[in-house]
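Asks: Can you keep this structure in mind? I'll have questions shortly.
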Amino acid sequence: MAAGISTEVGYVGLLFGLFVVPKYLQRFRIPAAITSVVLGAVAGPGFGLFQNDTTIGLLSTLGIVSLFLFAGLDVDLDELAREGRMLSEHLIVRLATLALGAFAVVEFLDLSPRAAALVALAVLTPSTGFILDSLHTLGLSTRTAFWVRAKAIATELVALAVLFVVLQSATVSRLALSAAALIAMILALPFGFRAFARFIVPFAPRTEFAFLLMIAVLCAVITRKLGVYYLVGAFIVGMAAQRFRERLPAMVSESMLHAVESFASIFVPFYFFHAGLILHRSDLTLEALGFGLALFAVAVPIGCNFQTDTTTRLGIGMMLPGRAASCL
């Protein structure tokens, strides 16, 4: 905290800034996530506030974990199974886009394949957290919102799978051990849910929300340590919970979904604020801005053109404004 500003005053000002300012600016169609990032950039690199603040980091983690826990709980597995072919085509296109992007980076920037893959992921992967947080403001139909959410999450998971392989592929043994740990976590989840249903729920009713959030945070931390970020663990927990719909109906009930969504709405702004905090002044130079605009001018049209065909077949292209539909 900067000199002259007490911790209490700083946090009160932060709460006002994150919960009031973004809502006010939405009247000008400025997404709340963008406002939160800008506020973080102003507070951190601009005035030196909240930098290295562990509390903000914790709240940020709770935000991204609860957001993707809700996404996992809200996924319609039957609908995804019925539309598996369309989703598979989308993922193939995304993988092809990443491969072409990495190849271009190798050719023009003369980087190693692993470094080029990281650059391609950074440039060509949209922010799923931003999409999910802004989805309710677009006024989409139920089916359109479902497909935007499904495609955004699928794109993020594929990108994180590629990131996992790239980061852990320094040696074959490291990749194998990390993959085994991730699989072991997934296989252990059903046993955890069964144990909770049998030994805890009968003696501690209405603890489903706390248990679900605790498991989501635990798995998120595990996947973060494995190099695939927090959201994968939280999303997996949400999907795993759906398998226990009959034994634990409260776990995936409408009231639970509403509770998780409300919890996420409180903490997600801290995630985007934290993203702005970790920027440095050297990241905000005119040179960096020019480079970012150049990447935007090149990468966004490429991504949109790659997605036009499958998006039009879904009928989404006619429902979203402009070319943005094909980018989702």
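Asks: Identify which of the listed values of percent of Cα pairs over 28 Å apart was calculated from the structure shown: (i) 47; (ii) 37; (iii) 52.
Replies: (i)
Asks: What's the FRET efficiency of Ala188 with Ile278 using the Cβ-Cβ distance as r and R₀ = 30 Å, to the nearest 0.05?
Replies: 0.40
Asks: Now for a separate question. On a full-extension model of 0.36 nm per residue, what is the gain between Arg114 and Val9, subtracting their alpha-carbon distance, rounded to one decimal in nm?
Replies: Fully extending the segment from Arg114 to Val9 adds 33.3 nm.
Asks: Can I ask one more? Could you list Phe70, Phe199, Phe244, Phe28 in order of exposure, starting from the residue whose Cβ has the fewest other Cβ atoms within 10 Å?
Replies: With the sparsest Cβ surroundings first, the list reads Phe28, Phe199, Phe244, Phe70.
Asks: Which Rg and Dmax, in Å, describe the Cα atoms of segment 80-159?
Replies: Just the Cα atoms of segment 80-159 yield Rg and Dmax of 14.8, 45 Å.
Asks: So how much slack lies between Ile34 and Phe296, counting 0.36 nm per residue of separation and subtracting their Cα-Cα distance, in nm?
Replies: Value of the extension gain: 92.7 nm.
Asks: Starting from 0 in steps of 5 Å, tell me what percent of the Cα-Cα pairs of segment 78-215 lands in each bin.
Replies: The percentages, shortest bin first, are 2, 8, 12, 13, 15, 17, 14, 10, 5, 3, 1, 1, 0.
Asks: Further question on the same structure: Please provide three numbers in whole Å: the alpha-carbon extents of segment 142-182 along the principal axes, with the largest listed first.
Replies: Largest to smallest, the principal-axis extents are 45, 16, 7 Å.
Asks: Would you mind counting up the charge near Ala152? Only other residues with Cβ under 14 Å from its Cβ, with Lys and Arg at +1 and Asp and Glu at -1.
Replies: Details: positive: Arg94, Arg149, Lys151; negative: Asp74, Asp133, Glu156.
Net local charge, Ala152 excluded: 0.
Asks: Okay, next question. By counting other Cβ atoms within 10 Å of each Cβ, how are Tyr230, Tyr11, Tyr24 ranked from fewest to most?
Replies: Fewest-to-most Cβ neighbours within 10 Å comes out as Tyr24, Tyr11, Tyr230.
Asks: HN-Hα J couplings of segment 132-147 from phi, Karplus 6.51/-1.76/1.60, θ = phi - 60°, integer Hz, Gly and Pro as x?
Replies: 5, 5, 9, 4, 5, 8, 8, x, 7, 5, 4, 5, 5, 4, 4, 6
Asks: Taking the alpha-carbon centroid of each part, what is the distance from segment 3-71 to segment 199-235 in angstrom?
Replies: Going from one Cα centre to the other spans 24 Å.
Asks: Using the Karplus curve 6.51 cos²θ - 1.76 cosθ + 1.60 with θ = phi - 60°, work out ³J(HN,Hα) for each residue of segment 109-117 in order, rounded to whole Hz, and write x for Gly and Pro.
Replies: In residue order, the calculated couplings are 10, 6, 9, 5, x, 5, 5, 5, 5 Hz.
Asks: Now for a different question. In what sequence do Met239, Met256 fall when counting other Cβ within 10 Å, fewest first?
Replies: Going from least to most buried by this count: Met239, Met256.
Asks: Could I ask something else about it? Mind listing the Cα extents of segment 200-268 along all three principal axes, in Å, largest one first?
Replies: That gives 36, 24, 19 Å along the principal axes, largest extent first.
Asks: Return the sequence-ordered ³J(HN,Hα) values of segment 98-103 in whole Hz as given by the Karplus equation 6.51 cos²θ - 1.76 cosθ + 1.60 applied to θ = phi - 60°, using x for Gly and Pro.
Replies: Whole-Hz 3J(HN,Hα) from phi for segment 98-103: 5, 5, 5, x, 5, 4.
Asks: Between Ser169 and Glu89, what length comes free when the chain is fully extended (0.36 nm per residue of separation minus the Cα-Cα distance, one decimal in nm)?
Replies: Values: separation 80, 0.36 × 80 = 28.80 nm, distance 2.65 nm.
The Ser169-Glu89 span can extend by a further 26.2 nm.
Every number in this text was worked out from the coordinates using simple rules, so none of it is lab data. Everything quoted here is computed from the prediction, not taken from an experiment. Every residue, glycine among them, receives a Cβ derived from its backbone with ideal geometry; neighbour counts consider all protein chains shown.
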